[in-house]
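The values are calculated or read from the model by the stated rules, or taken from the named source; none is laboratory data. Everything quoted here is computed from the prediction, not taken from an experiment. Reconstructed Cβ throughout: ideal geometry from the backbone, glycine too, with neighbour counts over all protein chains shown.
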Amino acid sequence: MPLLYPVRRIFRSWKLFLALLVGVSLASAFFAGIDVKANLTARQSLDQQLESILVDMEFSAQLNSSHFAQAQPDISMIDGVTGVEVLCRTWAPVALVNQTTVVVNETATNETEIVPLGYLHFVSLPDSSRVYDGWTNKPVEVLGENETYILEGSTFAQNTKIGDIIQTGFTFSAPKMANSTTVYMNLTVKGFAQLSDEAYSVASGMNFYVSPFSPVDPRQKYDFKSDLLILSFENTIQTLWSAMPETSFETVFLVSVDRDQLLNPWDSQTSANNLGIVSDNIENTILANF
């Protein structure tokens, strides 16, 4: 019978067959181990590159106060989204209010001098912001109404002191009426914020990605930090906004995604498509409704 020949061959050379079987088994285990190690190495390499990306997605939108309250929880419910932080960034005119006492004929009078300093960058942080994790000298109490901290070491910080009064104005848009409203106010300097590179990146929007082919020393990433004034979102911006609920203000959504679910180190195109789906859902399903 045709099957008898290979059976006899194996029986007569059973040592050779056993050696061959063991060799094949070891080779299979070896290559399986290589495959597992390669997958692990690829994932570790991807995670290492993602460490320098502090914000996965960032969206800006002009929303009124009611839409703002709806948008954040709606975005949080999108598949693939693991967290949403909201803050407000804006550029606004700044002037330093100098008050001096002048004595004329033994009569003291207070004189106020307004010194314009141009436009500076403001960020209003919610009490739960991750920026506070990198704010090394953060205040024990939350920032109060119309109080501000200035980025330590910035040009503006060198020309101000605690207790100074800063005059500024924030613009709220009214799309239905095709106009805008500027609210002028005085801010009191409460201190100077020491922010880590990561905290400054999130607060200012100066996020970065360092290519593995051109590594940059971490100390060189932020050799220069521009002026930045920090406000409380709840106690300053939201207080103003609540008096004008139909107006809109520039709102920034910082979105964190499930990287393990969406990113495949072996398939960049699929990873990009997965991120694109999340992005489209945020823009088309959520923000487009407002």
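Limited to region 233-288, what total is found for residues that are in contact (Cβ under 8 Å) with a residue 24 or more places away in the chain and more than 22 Å from the chain's Cα centre (by Cα)?
10
If I filter region 159-170 down to residues being over 12 Å from Leu117 (Cα atoms) and within 27 Å of the chain's Cα centre (by Cα), which single residue comes out as surrounded by the most Cβ atoms within 10 Å (Cβ to Cβ)?
Across region 159-170, the extreme among qualifying residues is Phe170.
Considering (1) surrounded by 18 or more Cβ atoms within 10 Å (Cβ to Cβ); (2) at pLDDT below 80; (3) closer than 20 Å to Arg130 by Cβ, say which one Leu263 fails and leave the rest.
With (1) surrounded by 18 or more Cβ atoms within 10 Å (Cβ to Cβ); (2) at pLDDT below 80; (3) closer than 20 Å to Arg130 by Cβ applied to Leu263, the lone miss is (3).
Could we say that Thr181 is in the same structural domain as Asn146 (by TED's automatic domain parsing), surrounded by 13 or more Cβ atoms within 10 Å (Cβ to Cβ), out of contact with any helix residue (DSSP H, G or I) (no Cβ under 9 Å at 6 or more places or on another chain) and modelled with pLDDT of 90 or more here?
For Thr181, the condition - in the same structural domain as Asn146 (by TED's automatic domain parsing), surrounded by 13 or more Cβ atoms within 10 Å (Cβ to Cβ), out of contact with any helix residue (DSSP H, G or I) (no Cβ under 9 Å at 6 or more places or on another chain) and modelled with pLDDT of 90 or more - is not met.
Before we move on, is Ala193 over 20 Å from Pro93 (Cα atoms), at pLDDT 90 or above and of a type in the set (A, V, I, L, M, F, W, C)?
Against the criterion (over 20 Å from Pro93 (Cα atoms), at pLDDT 90 or above and of a type in the set (A, V, I, L, M, F, W, C)), Ala193 qualifies.
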